[in-house]
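Structure, as structure tokens:
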């Protein structure tokens, strides 16, 4: 492919990606705005419903009669009004009346309107709107909650509504027969102004700029990008703490070496190293000391490997794994014992290990053909004593 064709192909691909990114981001932004509006309205509902439950649990509350708070003519209960003295009369406020007053305050402060309504309201002021009527009927059919954008008088609003379930506390004000056919006693709707728009123009201009920058980058830095990709690939294969290959590289390497082992009939040994009582070491000396211990042991294992075909990797937290191609059982045993002794000679303190309070390791190995023997070397502390199979 010529340079010109490659450039045109890359340019068209980039434009398609930017276009797809714009469409996806616009869709995500729209959904996120709807989610935020829904969660905000639901939070309002929860607070109002908690206030309603508090009022219901106290069978209504008494407040002073003022010029803005009059006795509720639709509340037909004994002792609705209590005259304390000549200047103070208390009147009982039921949940619906309370929510109406809260709604008036919220409307003045933040433009949020609450409405406690039902299909059979006692107070005509609590009559449901057509949208609320439709939603209440949907609640009776099993709908849990509803939220949607609406337009009123040419302005965008977000409407949310959830049901209120009838219980014994409702029968003090509402005829019981009105609530027998359904446990839905009504619902509380939240209507809030929502002026935030999905930033179409901002996203569009942003993607145009990104697209233009992308073209420049494609033209001028493709070579640097390839080099950066190679660096990222290398970083993905090296354990950041110890500086030796990670488990991912081992998984690839063991497959290759095992295929060679089956094809050439050469022995293949695998040795697993586990630092003894490393959790206790971390608990005693701290994680910084634990990290330093891991680095020392990893570098010692790496330096102990003499042949180019030998390989080691960090397998887990305190576990390392070693591949020794073309190494038989005797050779693996000799290598493991030599490594164990070298690690003990580091004399890294670990008072959790007895009787010799230093960092030690246990090693286990597998080698051979299909019938595989198992090598297990445990730490020894007596001078001159050799580990055995």
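General observations
- Within the stretch 161-172, the set of residues being at pLDDT 70 or above and surrounded by fewer than 15 Cβ atoms within 10 Å (Cβ to Cβ) comprises just one member, 165.
- Only listed residue being touching a residue at least 24 places away in the same chain (Cβ under 8 Å), farther than 19 Å from residue 325 by Cβ and out of contact with any strand residue (DSSP E or B) (no Cβ under 7 Å at 6 or more places or on another chain), chosen from 243, 206: 243
- Boolean, residue 261 is in contact with a strand residue (DSSP E or B) (Cβ under 7 Å, 6 or more places away or on another chain) and assigned to a helix (DSSP H, G or I): yes
- Exactly one residue among 381, 338 is in contact with a helix residue (DSSP H, G or I) (Cβ under 9 Å, 6 or more places away or on another chain) and at pLDDT below 50, and that residue is 381.
- Among residues of the stretch 173-213, those that are under 20 Å from residue 96 (Cβ atoms), touching a helix residue (DSSP H, G or I) at 6+ places or on another chain (Cβ under 9 Å) and modelled with pLDDT under 60, counted: 4
- Qualifying residue in the stretch 33-42 (condition: touching a residue at least 24 places away in the same chain (Cβ under 8 Å) and closer than 27 Å to residue 210 by Cβ): yes
- Selection status of residue 389, in contact with a helix residue (DSSP H, G or I) (Cβ under 8 Å, 6 or more places away or on another chain) and at pLDDT below 90: yes
- Failed condition for residue 56, given (1) more than 27 Å from residue 164 (Cβ to Cβ); (2) in contact (Cβ under 8 Å) with a residue 40 or more places away in the chain: (1)
The values are calculated or read from the model by the stated rules, or taken from the named source; none is laboratory data. Everything quoted here is computed from the prediction, not taken from an experiment. Here Cβ is always computed from backbone atoms with ideal geometry, including for glycine, and neighbour counts include all displayed protein chains.
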